[in-house]
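First the structure, in the form of structure tokens, and then the observations on it.
The values are calculated or read from the model by the stated rules, or taken from the named source; none is laboratory data. Keep in mind that what you see is a predicted model, and the values were worked out from it rather than measured. Glycine also receives a Cβ, built like all others from the backbone with ideal geometry; neighbour counts cover every protein chain displayed. The protein model used for the area step is the full one, side chains on, heavy atoms only, and it has no ligands, DNA or RNA in it. Shrake-Rupley method; radii C 1.70, N 1.55, O 1.52, S 1.80 Å.
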Amino acid sequence: MPEEQFIYLGPVMSVDDLNVTFTDSGRVKVKMSTAKQLKMQNEDEIYPKAVYVNFINDDAVEYSSLRGDSGKYIKKENHYLIQGNVFFYNREQQQSLSTNELIWDPNKKIVYTNKKVQVNSPSDQIVGNGMEATEDFGEYKFIGGISGFFQVDSLITQPDTAQSRVLGKD
């Protein structure tokens, strides 16, 4: 009877209470934490529990935070996929983002999604399909269509008197 071969495809390592720090020039810029990490054979990582990513400014203050119900690190694309009830808040800009899926690319220093997303600020509420932002959610742009409530600064216009002439005087 030939011997059956079994190929194990599960995790090669499991870590509880993971805390990862990302630095730039010796300064802590990002802290990521999760209750569980599963490291796969292809070096992908699965985070089956809530994922928290905090961005830190030059004064060592956490000013922007991202959380999701679960996540993954995809090695071949070198990015993190945060999924389920994703919420991103930037305290400095006083704006928040809600979506079901967000990709964080630490090399390009951006976050993006092609899913439905809602952005709230003290004066605006915008819903769109797809967006891209700086990794700390300081600046953002929508990729697809948008709808919602947003403020527009009123414009005061001045007539161009250099080109004007009084009617009847030629």
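Summary of values
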{"read-out": "Largest-first principal axis extents of the Cα set of the range 85-131 (Å)", "value": "31, 23, 16"}
{"read-out": "Accessible surface, the chain, averaged per residue in Å² (probe 1.4 Å)", "value": "68"}
{"read-out": "In order through the range 42-53: 3J(HN,Hα) via Karplus (6.51 cos²θ - 1.76 cosθ + 1.60), integer Hz, x for Gly, Pro", "value": "7, 6, 5, 10, 10, 10, x, 9, 3, 10, 10, 10"}
{"read-out": "From the C-alpha gyration tensor of the chain, square roots of 5λ in Å", "value": "47, 19, 14"}
{"read-out": "Environment charge of VAL61, counting only residues whose C-beta is closer than 13 Å and scoring Lys/Arg +1, Asp/Glu -1", "value": "-1"}
{"read-out": "Placed amide H near ILE143: partners under 5 Å, 5+ positions off or other chain", "value": "MET131, GLU132"}
{"read-out": "Equivalent ellipsoid semi-axes - Cα gyration tensor, the range 1-95, angstrom", "value": "33, 14, 10"}
{"read-out": "Over the range 33-134, relative contact order from alpha-carbon pairs under 8 Å, at least 6 apart, %", "value": "16"}
{"read-out": "Label-point gap, in nm, between ASP16 and VAL61 - each point 7 angstrom along Cα→Cβ", "value": "3.7"}
{"read-out": "Charge-dipole axis of the chain as Lys and Arg at +1 and Asp and Glu at -1 on Cβ define it, positive-most pick from VAL15, THR34, VAL53", "value": "VAL53"}
{"read-out": "For ASP44, distant residues with modelled amide H under 5 Å away", "value": "LYS75"}
{"read-out": "Using a Förster distance of 41 Å, the FRET efficiency for ASN114-GLU4 (Cβ separation, nearest 0.05)", "value": "0.45"}
{"read-out": "Portion, in percent, of the accessible area of the chain that falls on carbon or sulfur, probe 1.4 Å", "value": "49"}
{"read-out": "Overall Cα dimensions of the range 39-105, principal axis frame, Å, largest first", "value": "39, 26, 19"}
{"read-out": "Charge tally in the Cβ shell below 11 Å around ILE74, where Lys, Arg are +1 and Asp, Glu are -1, ILE74 excluded", "value": "-2"}
